[in-house]
Amino acid sequence: MPATSHHHAPTSHINSSQIPSPYLAIVVEPCPEPSVTNHQVIDDKTHRTGSRILSTVLLLAVVLVIGVTSLNPPLPSAIIAREREQEPEDAHDFEKREVENCMPYDIRSAVVDNRAVVEWSTRRTYIPNVKLQKSDDHSPALANPWRSCHDVASDVEVRYRRLGENYTMLVTGEVEEPFAKQGATTYTTSEATFTTHTAIVDLPDYEDAAYEFIVGSIFHGWSAVHRLGVNRPFRGEESECCRPKHVHTAYGLKPGSLAVQWMTKENCGEGAAQLQLIEGYHANIEVEGPKATPVTAWANTTLFEDDGDLQSKRWFHVVRLEGLKPDTHYTYVVGNAHYASWSIPYVTKTAPGSLHPGEKPKPTRFLVTGDIGYQNAATLPMMQSEVAEGLVDGVVSVGDYAYDLHMVDGHVGDIFMQEIEPIAATVPFMVCPGNHETHNMFSHYSQRFRLMPSNQVEGVQSVHVGDRSKDAEPKEVPNNWFYSFDVGLVHFAVISTEIYFKKTFEADGDIVARQEAWLEQDLAKVNANREQTP
């Protein structure tokens, strides 16, 4: 299928040294994660006695062994390694500690006979100066300054459901198969920086059906949908450092077009960022070996340097696809073959196409939202759950993200992008800027959401944003401040009210006139074709 994209692979620079962050729990998915080496075998007697604790996952080629031990805690080698991630010597010099990041990560699953084992982790937050308990409450969990999202809750679970023939979404009576639920056991060590969760599910019909699942909780959020037994191992430090993060999608200008963007915190330039894509819901994608799926498109890679004190760096990778089938599910992965570093397989869907004469339109379901913070984001679990259940086709978000994307050298924005990944990697997540995005001339907003459909009208294809310092010249980037796109019967026109303020005028003096002229032209074009977009 045709794909319009190109790539730029600068000189490789994998730097394993990490600058200690004053926000201990704010750095998401640090590289490298400690290696996991031990493995054991599932013990039915142990499971019956209630000490169901998952052993370490060992992935060699396509062999995956997950076990449960009776007396020993899970993942001992991983726990020992991660316990070294303690606070730096100057940790108490900083005041703010309440940095929440409850998203599941490092999700692994396997099936032995008819029993599925799923394991994942959540970060913990170091809060040394906050009273965590009442004077008469001596709970060790509450006394521990390393706080977990789930220390005093029993809401952690795996939700799973069967897939239909050829891994399609199973539909009964025109309704998607509901998710079944299974509670998880939780384990952590004293003052550990992570919590491990394990769920064991009996699947009597596994030989006749495949399954998909999500993990998390109704209070703190859900993962993206995974296919049971499909894992993406990371082999070594470079593989982990080049792990794709913040995967998200957007509609293109036409129904058969789609864009995907992701981020790496290192310049993984020895290979090339790429996307592999296959038509189908949970279709099989092979990232290596003689049956490896061909590369669909190479990514366009851009370095973004934050304007904070550390001038932290992020590499954004964007792929724009055209020529896809409208209203069709596609399975895709993103990553870098040189480092054997891949995302999990995601499933997304293209927009409905133009109606044929006599054809009835299909319903299109959108979540319209705005003002999404990264802490105590009560709507995120609901949004993640509805997207996982297949109840949402796209998201339109009207600005004000993370509060704010640039804070703490961009780490707050990193957590926010991780939190929306289960949503945005699955359904297109369309955005527009709000007043919380104005920092440094919208630089974080414009760079983190480069994938929005660019205007093809001359003069409005790009805008100017701030660079890494106040003295640097404004940088030209694709225009995601105002643009339009079609989804089925609906024409969406995105405009920005933030461009009417002084800072925007100083960098791009005619931006208001350009937006108004573009909007008049865009609406005139739509009015000429009201049969398709009534």
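Applying the set (1) more than 14 Å from the chain's Cα centre (by Cα); (2) polar (S, T, N, Q); (3) under 20 Å from Val368 (Cβ atoms) to Gln447 leaves exactly one unmet item: (3). Of all residues in segment 416-455, which are closer than 30 Å to Arg227 by Cα, among the aliphatic types (A, V, I, L, M) and touching a Lys or Arg at 6+ places or on another chain (Cβ under 8 Å)? Of everything in segment 416-455, those that are closer than 30 Å to Arg227 by Cα, among the aliphatic types (A, V, I, L, M) and touching a Lys or Arg at 6+ places or on another chain (Cβ under 8 Å) turn out to be Met417, Val427, Leu451.
Scanning segment 459-473 for residues that are surrounded by 16 or more Cβ atoms within 10 Å (Cβ to Cβ) and touching a helix residue (DSSP H, G or I) at 6+ places or on another chain (Cβ under 8 Å) yields a count of 6.
Filtering segment 419-444 to residues that are within 18 Å of the chain's Cα centre (by Cα) and either surrounded by fewer than 23 Cβ atoms within 10 Å (Cβ to Cβ) or part of a helix (DSSP H, G or I) (or both) leaves Glu419, Ile420, Glu421, Pro422, Ile423, Ala424, His444.
Any residue at all in segment 281-289 that is small (Gly, Ala, Ser) and either free of Cβ contacts under 8 Å to residues at least 40 places away in the same chain or closer than 26 Å to Asp414 by Cβ (or both)? Yes, some residue in segment 281-289 is small (Gly, Ala, Ser) and either free of Cβ contacts under 8 Å to residues at least 40 places away in the same chain or closer than 26 Å to Asp414 by Cβ (or both).
Checked against (1) touching a residue at least 40 places away in the same chain (Cβ under 8 Å); (2) under 27 Å from Glu305 (Cβ atoms); (3) not in a loop (DSSP other than H, G, I, E, B), Lys470 passes all but a single condition, namely (3).
Regarding Thr301, is this residue buried (at least 20 other Cβ atoms within 10 Å of the Cβ) and polar (S, T, N, Q)?
Working: buried (at least 20 other Cβ atoms within 10 Å of the Cβ): yes; polar (S, T, N, Q): yes.
Answer is yes for this residue.
Among the residues of segment 345-360, is there at least one that is touching a Lys or Arg at 6+ places or on another chain (Cβ under 7 Å), of a type in the set (S, T, N, Q) and not in a loop (DSSP other than H, G, I, E, B)? The answer is no; no qualifying residue exists. Scanning segment 207-239 for residues that are in contact with a strand residue (DSSP E or B) (Cβ under 6 Å, 6 or more places away or on another chain) and outside any strand (DSSP E or B) gives Ala209, Ala210, Ser223, Val225, Leu228, Gly229, Asn231, Arg232, Pro233, Ser239.
Looking across segment 480-520, just one residue is touching a residue at least 12 places away in the same chain (Cβ under 8 Å), surrounded by fewer than 13 Cβ atoms within 10 Å (Cβ to Cβ) and in a helix (DSSP H, G or I), and that is Tyr500. Restricting Thr348, Thr302, Thr364, Thr293 to residues that are among the polar types (S, T, N, Q) and touching a helix residue (DSSP H, G or I) at 6+ places or on another chain (Cβ under 8 Å) narrows the list to Thr302.
Can you name the residue in segment 196-231 that is at positive phi and at pLDDT 90 or above and is also surrounded by the fewest Cβ atoms within 10 Å (Cβ to Cβ) among such residues?
Taking segment 196-231 as the starting set, the residues that turn out to be at positive phi are 216, 221, 229.
Add one more test, that the residue is at pLDDT 90 or above, and what stays is 216, 229.
On the way: Gly216: 29, Gly229: 16.
The extreme case among them is Gly229.
When Val396, Val387, Val392, Val408 are screened for being modelled with pLDDT of 95 or more and assigned to a loop (DSSP other than H, G, I, E, B), only Val392 passes.
Among the residues here, Glu476 qualifies as assigned by TED's automatic domain parsing to the domain that holds Asp309, exposed (fewer than 14 other Cβ atoms within 10 Å of the Cβ) and either of a type in the set (Val, Ile, Thr) or assigned to a strand (DSSP E or B) (or both). For segment 337-369, the tally of residues that are more than 16 Å from Glu421 (Cα to Cα) and either in contact (Cβ under 8 Å) with a residue 40 or more places away in the chain or in contact with a strand residue (DSSP E or B) (Cβ under 6 Å, 6 or more places away or on another chain) (or both) stands at 16. Does segment 232-247 include one or more residues that are buried (at least 22 other Cβ atoms within 10 Å of the Cβ) and in contact with a Pro (Cβ under 6 Å, 6 or more places away or on another chain)? No: segment 232-247 contains no residue that is buried (at least 22 other Cβ atoms within 10 Å of the Cβ) and in contact with a Pro (Cβ under 6 Å, 6 or more places away or on another chain).
Check whether at least one residue in segment 289-304 is in contact with a Pro (Cβ under 9 Å, 6 or more places away or on another chain) and farther than 27 Å from Phe442 by Cα, and report yes or no. Working first, answer last.
As a first pass, look at segment 289-304 and keep what is in contact with a Pro (Cβ under 9 Å, 6 or more places away or on another chain): 301, 303.
Subset that is farther than 27 Å from Phe442 by Cα: none.
Looking through segment 289-304, none of the residues is in contact with a Pro (Cβ under 9 Å, 6 or more places away or on another chain) and farther than 27 Å from Phe442 by Cα.
The values are calculated or read from the model by the stated rules, or taken from the named source; none is laboratory data. Since we're looking at a predicted model, the values are computed, not measured. Virtual Cβ from ideal backbone geometry, glycine too; neighbours counted across all protein chains shown.
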